[in-house]
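A short worksheet on the structure shown next.
The values are calculated or read from the model by the stated rules, or taken from the named source; none is laboratory data. Nothing here was measured: the structure is a model prediction, and the numbers come from that model. Cβ placement follows ideal geometry from the backbone for every residue including glycine, while neighbour counts extend to all protein chains displayed. With ligands, DNA and RNA removed, areas are computed over all heavy atoms of the protein, side chains included. Shrake-Rupley method; radii C 1.70, N 1.55, O 1.52, S 1.80 Å.
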Amino acid sequence: MAVITYRQALHDTLREEMLRDEDVFLIGEEIGVFEGSYKITAGLLKEFGEKRVRDTPIAEEGFVGAAVGAAMLGLRPVVELMTINFSLIALDQIVNHAAKIYGMFGGQTSVPMVLRTPGGGGQQLGATHSQNIELYYAFVPGLKVVAPSTPADAKALLLASIRDNDPVLFLENLALYNTKGEVPDVVEPAEIGKAKVSKPGTDITIIGYSRMAMVAQQVAEQLQADEGINAEVVDLRSLRPLDRETVVESVRKTGCAVIAEDDWLTYGIGAEIAASISDGAFDYLDAPVRRVAAAEVPLPYAKPLERAALPSAESLTTAVHQTLEAVGRRR
Amino acid sequence: MAQTATRTKPATRGTTKPRRGSVRRGGRFAGESPELLQDYFYEMTLIRRFEERAAQGYTQAKIGGYCHLNLGEEATVVGLMRALRKTDLLFTNYREHGYAIAKGIEPGRVMAELYGRTTGTSKGWGGSMHMFDVEAGLLGGYGIVGGQIPLATGAALAIDYRGGDQVVMCQMGDGTTNIGAFHEALNIAALWNLPVVFVVINNKLGMGTTVDKSSAESELYKRASAYRMHGERVDGNDVLAVRDAASRLVEQARETGRPALLEAVSERLKGHSVVDPAKYRSEESVEQAKQADPVANFRAELIEAGILDEDAAVEIERKAQAEADAAVAFADDSPHPDPSTLFDYTYATPVANDSRRLPADPVF
C-alpha cells in the first residue's frame, strides 16, 4: 500500500491501461509535448509516441467528435478536456452523439470513451474557468458520470471507466490533484453507479461527491474528535447512475441529512438527492434536509469574494450543527 | 441567385479503349458496360419509387417525425455509392434513405425503419434520420447538421490507427459547410492525414435559405484550400461524373491517406422534408430542378444511345416499383417494438442503479 497523490493515481492508471490494451489512446489539448496542463500525462508521449498520445488543435467539438467516431470502431480513447468549462464547446458531440449513438441505432454500436476533465473553483480563475457544471451531463441518459474524491477511488473508477463500453464523463477537481491517500498495490475496477459509505455513523448523514466528499470526510472526523458527533459520510462517487439506495438507507438510520456540493443550489445535484430522501426516507426524517452549495453567482475573481461563494469545511460544519440543533441532538 | 453547375470531364482514369461488351460508339457512354448503365438506371429508379412510397406512407400517418427525401438527388446517391467498396464506411446526414439502399441495405429494412418496426435498420429506435448497418458499412444517419463530420473523421482515425485500407465517406448538405464542426473536422483530417472524403451535396438550399445567402464562398469546394486539401466540383445530376470523381478521390484517400472535399451540385425536386411545400422557391428554380431531373434525363440518354429501348425501360421501372411495393409490404407486416424493451439500449455495459423507472412509477 503506497500513499500517493490523486494526480499520480490518474497518471499511473492511464499508463497501466495503455500498456495493457493497445486500443487505449490519449487525445486532447497539450497532453503530449506540454505533458498536460495539470501534468497528468507527463512522460506518456515519450513512452508511447504520437500515435497513442495525440496533441490536438484547440477545437473541442472536432477532437471530442473524432474520439466518439474512433470509439464507434472499437478504439478506447481517453480524452482530456483541459477544463470542464471547455466541454461546453463540445456539448453537441457529448450530448447529441456520444450519449445517443448506442440507443438511437438500436444497440448496434457503442461509444467506449472516457472524457477526463477537471472542474471547480478556488483558484481565482474567474467566472468562465471555475464552474461545476457536472449537472449538465448527469442529466443525460446514455452518459455515465463519475466523480471520485480519493486517489484510490480515482484509480478504481478510471480503470472501470476505460474498460466500460459506454461514454464516461470522469470528473476531476483542481483542488484534489495534490491530495494524498493510500492506494493498494493491486486495485480492482470500481463498480460504476455505487456510492460508498466512507465513514459509518449514527447521528447525521453527510452526502457529498468529488471535493465536497473529501471536505465532508474531514468535517466528520473533526466533529467526532472535537464534539463526539458520530456523522455518517456518503460519497456518491457516481452521479449517473445515482445510488439513491445507499443515501436513503443511511438517512433512514440517522434521521437527518446535510448535502454538500460545489455546484449551484437551484436545480443542482443536491436537489435530486433531497428529492430522493423525500421519496425514500420521508417518515424517518427528524429535520428538513439541508443543502450546502455554492452561492448563485458567476464565480468572482477577487479572493474574499470567491471564498465567500464556495462551500467550505466551515460552512458544512455550521450546517451540521444547525441540523443537529433542530433535532435536539447537539451535545 | 442559384449557382450553375459545371459538368466535369468524363473519367480520365484507366483505359479509354472500350472494354469487351461495352458501348462502342462515341459519346459519354463510350467504354461503359451496358449492363452497369442499366443497373444504375434501375437503382436510381428504385430510389425514386421508394421515396414516392415513403412520401405516401407519411401522408397515411404510417411514417412519423421528419422525413427528408432524396428526390432529385438519385444520380449523386448512386454515383457516390458506386465509388465505395462494401467495406468502406459511410456517414450521412438525415437525408439518407437512398444512401442506405445504394450502400446495400434491403429496401424493406429501410422502409421498416421509417415505419418504426423491429425489422428496421435501427430496430425502430432511429427512424428516418438515424439508419445504421455495420455490415453494409453505413455508420449512421445523423440529425444534427454537421454532427456527423467529426465522427467520420474519428472513424478514419481508427482506420489509420489500425493500419486498415478502408476509406470513410462523409456526406452533408451545403448549409453544413458553415458550422464549426465542418472546419474543425476538416482541419484535423488534413493535419493527421486521415482517409476521409467529405462530400457536400449542394442543392443550393439549406432548408429555405439559398447557398449564396448563407455561404460567403458559395463555390463550396474551394473551402478545401483552407486546409490544403484537394477540392473538386462535379455535376451531381450526372451519375457517371459523380462516380468517376468520387472514385478518384476515394482511391487517392486509400492510397495516400489524404482527405478530400467533393462538391456535387444537384437539385432538390421537393421541399426540405415531406411537410415542406417549398413556397419560398421561385418558379424558375422549380422549373430548373424539373429540367435537371436525373432519373428522367438518364432514361432519355440511355434510350438515345441505344442502351435501352422503351420496353426495356418500362420493364426496369416496373421492377423498381415492385421492389418499392415489396418494401412497403415488408414494413407493414413487421412487428412493432415491445414496450418491455424500452430500457435495452441505454447502456452497452450494464451498471448498478441504472434507472428503469416508467413515467408514473414511484422512485422507491
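Can you run down the residue pairs with Cβ atoms below 7 Å, 6 or more apart or on separate chains, where the first is in the stretch B:202-219 and free of Cβ contacts under 8 Å to residues at least 12 places away in the same chain and the partner is outside any loop (DSSP other than H, G, I, E, B) and not small (G, A, S)?
B:E217/B:R223
Which numbered condition in (1) within 8 Å of chain A (Cβ to nearest Cβ); (2) free of Cβ contacts under 8 Å to residues at least 24 places away in the same chain; (3) open to solvent by less than 10 Å² (accessible area, probe 1.4 Å) is the only one that B:Y142 fails?
Of the numbered conditions (1) within 8 Å of chain A (Cβ to nearest Cβ); (2) free of Cβ contacts under 8 Å to residues at least 24 places away in the same chain; (3) open to solvent by less than 10 Å² (accessible area, probe 1.4 Å), the odd one out for B:Y142 is (2).
In the stretch A:268-302, how many residues are touching a Gly at 6+ places or on another chain (Cβ under 6 Å), free of Cβ contacts under 8 Å to residues at least 60 places away in the same chain and open to solvent by 60 Å² or more (accessible area, probe 1.4 Å)? Reasoning before the result, please.
Start the filter on the stretch A:268-302 by keeping residues that are touching a Gly at 6+ places or on another chain (Cβ under 6 Å), which leaves A:284, A:286, A:291, A:293, A:299, A:301.
Still in the list and also free of Cβ contacts under 8 Å to residues at least 60 places away in the same chain: A:284, A:286, A:291, A:293.
With open to solvent by 60 Å² or more (accessible area, probe 1.4 Å) added as a condition, the list becomes A:284, A:286, A:291.
So the count comes out to 3.
Could you list, in sequence order, all residues of the stretch A:39-61 that are part of a loop (DSSP other than H, G, I, E, B) and surrounded by fewer than 18 Cβ atoms within 10 Å (Cβ to Cβ)? Explain how you work it out, then say what you get.
Of all residues in the stretch A:39-61, those part of a loop (DSSP other than H, G, I, E, B) come to A:39-43, A:49-52, A:56-59.
Listed by number, the residues that qualify are A:K39, A:A42, A:G43, A:G49, A:E50, A:K51, A:P57, A:I58.
From A:L305, A:L265, which residue is away from chain B (no Cβ under 14 Å), farther than 20 Å from A:A220 by Cα and open to solvent by less than 90 Å² (accessible area, probe 1.4 Å)? Steps first, please.
Details: A:L305 fails: open to solvent by less than 90 Å² (accessible area, probe 1.4 Å).
Among A:L305, A:L265, only A:L265 is away from chain B (no Cβ under 14 Å), farther than 20 Å from A:A220 by Cα and open to solvent by less than 90 Å² (accessible area, probe 1.4 Å).
Select from the stretch A:228-256 the residues that are outside any strand (DSSP E or B) and open to solvent by 10 Å² or more (accessible area, probe 1.4 Å) and list them in ascending order.
Going through the stretch A:228-256, the residues outside any strand (DSSP E or B) turn out to be A:228-230, A:236-237, A:241-256.
Passing the criteria: A:G228, A:N230, A:R237, A:L242, A:R244, A:E245, A:T246, A:E249, A:R252, A:K253.
Hey, does the stretch B:170-179 have a residue that's surrounded by fewer than 20 Cβ atoms within 10 Å (Cβ to Cβ) and not hydrophobic (A, V, I, L, M, F, W, C)? Please lay out each step first, then the result.
Filtering the stretch B:170-179 down to residues surrounded by fewer than 20 Cβ atoms within 10 Å (Cβ to Cβ) leaves B:178-179.
Adding the requirement that they be not hydrophobic (A, V, I, L, M, F, W, C) leaves B:178.
Yes, there is a match, as at least one residue in the stretch B:170-179 is surrounded by fewer than 20 Cβ atoms within 10 Å (Cβ to Cβ) and not hydrophobic (A, V, I, L, M, F, W, C).
Being within 25 Å of B:D160 (Cα to Cα), assigned to a loop (DSSP other than H, G, I, E, B) and more than 9 Å from chain B (Cβ to nearest Cβ) is the filter here; which residues of the stretch A:68-109 pass it?
Selection gives A:L81, A:A99.
Looking at this structure, is B:R268 of a type outside the set (V, I, T) and surrounded by fewer than 20 Cβ atoms within 10 Å (Cβ to Cβ)? Walk me through how you get there before you give the answer.
Working: of a type outside the set (V, I, T): yes; surrounded by fewer than 20 Cβ atoms within 10 Å (Cβ to Cβ): no.
Considered against the rule, which asks whether it is of a type outside the set (V, I, T) and surrounded by fewer than 20 Cβ atoms within 10 Å (Cβ to Cβ), B:R268 comes out as no.
Taking the residues in the stretch A:159-180 that are part of a strand (DSSP E or B) and of a type in the set (D, E, K, R) as candidates, determine which candidate is farthest from the chain's Cα centre (by Cα). Steps first, answer last, please.
Kept after step one, since they are part of a strand (DSSP E or B), are these residues of the stretch A:159-180: A:168-173, A:180.
Next, from what is left, pick out any that are of a type in the set (D, E, K, R): A:172, A:180.
On the way: A:E172: 6, A:K180: 16 Å.
Selected residue: A:K180.
Pull up the stretch A:187-214, narrow it to residues that are part of a loop (DSSP other than H, G, I, E, B) and among the charged types (D, E, K, R), then point me to the one that is farthest from A:P311 (Cα to Cα).
Taking the stretch A:187-214 as the starting set, the residues that turn out to be part of a loop (DSSP other than H, G, I, E, B) are A:187-195, A:200-203, A:209-210.
After this cut, where a residue has to be among the charged types (D, E, K, R) as well, the list is A:188, A:191, A:194, A:203.
Details: A:E188: 32, A:E191: 28, A:K194: 24, A:D203: 22 Å.
Per the criteria, the residue is A:E188.
Which members of the stretch A:192-210 meet the condition of being open to solvent by less than 40 Å² (accessible area, probe 1.4 Å) and not small (G, A, S)?
A:I192, A:K199, A:D203, A:I204, A:T205, A:I206, A:I207, A:Y209
Looking only at the stretch A:165-191, which residues are of a type in the set (D, E) and open to solvent by less than 10 Å² (accessible area, probe 1.4 Å)?
Selection gives A:D166, A:E172.
Tally up the residues in the stretch B:184-216 that are within 27 Å of B:D244 (Cα to Cα) and within 14 Å of another protein chain (Cβ to nearest Cβ), please.
Looking only at that region, the number is 13.
Assess whether A:I27 counts as being in a loop (DSSP other than H, G, I, E, B), open to solvent by less than 40 Å² (accessible area, probe 1.4 Å) and touching a strand residue (DSSP E or B) at 6+ places or on another chain (Cβ under 6 Å).
Working: in a loop (DSSP other than H, G, I, E, B): no; open to solvent by less than 40 Å² (accessible area, probe 1.4 Å): yes; touching a strand residue (DSSP E or B) at 6+ places or on another chain (Cβ under 6 Å): yes.
No: the conditions fail for A:I27.
Just checking, does the stretch A:6-20 include any residue being open to solvent by less than 60 Å² (accessible area, probe 1.4 Å) and not in a helix (DSSP H, G or I)?
No, that holds for no residue.
If you go through the stretch B:335-345 one residue at a time, how many are within 7 Å of chain A (Cβ to nearest Cβ) and more than 28 Å from the chain's Cα centre (by Cα)? If you could, list the steps in order and put the result at the bottom.
First, the residues of the stretch B:335-345 that are within 7 Å of chain A (Cβ to nearest Cβ): B:344-345.
Remaining after also requiring more than 28 Å from the chain's Cα centre (by Cα): B:344.
Going through the stretch B:335-345 one residue at a time, the tally reaches 1.
Suppose we filter B:G27, B:G79, B:G21 for residues that are of a type in the set (G, A, S) and under 14 Å from the mean Cα position of the chain (by Cα); which single one remains? Working first, answer last.
On the way: B:G27 fails: under 14 Å from the mean Cα position of the chain (by Cα); B:G21 fails: under 14 Å from the mean Cα position of the chain (by Cα).
After applying the criteria, what remains is B:G79.
Can you work out which of the residues in the stretch A:70-88 that are open to solvent by 30 Å² or more (accessible area, probe 1.4 Å) and under 20 Å from the mean Cα position of the chain (by Cα) is farthest from A:Y136 (Cα to Cα)?
A:M82
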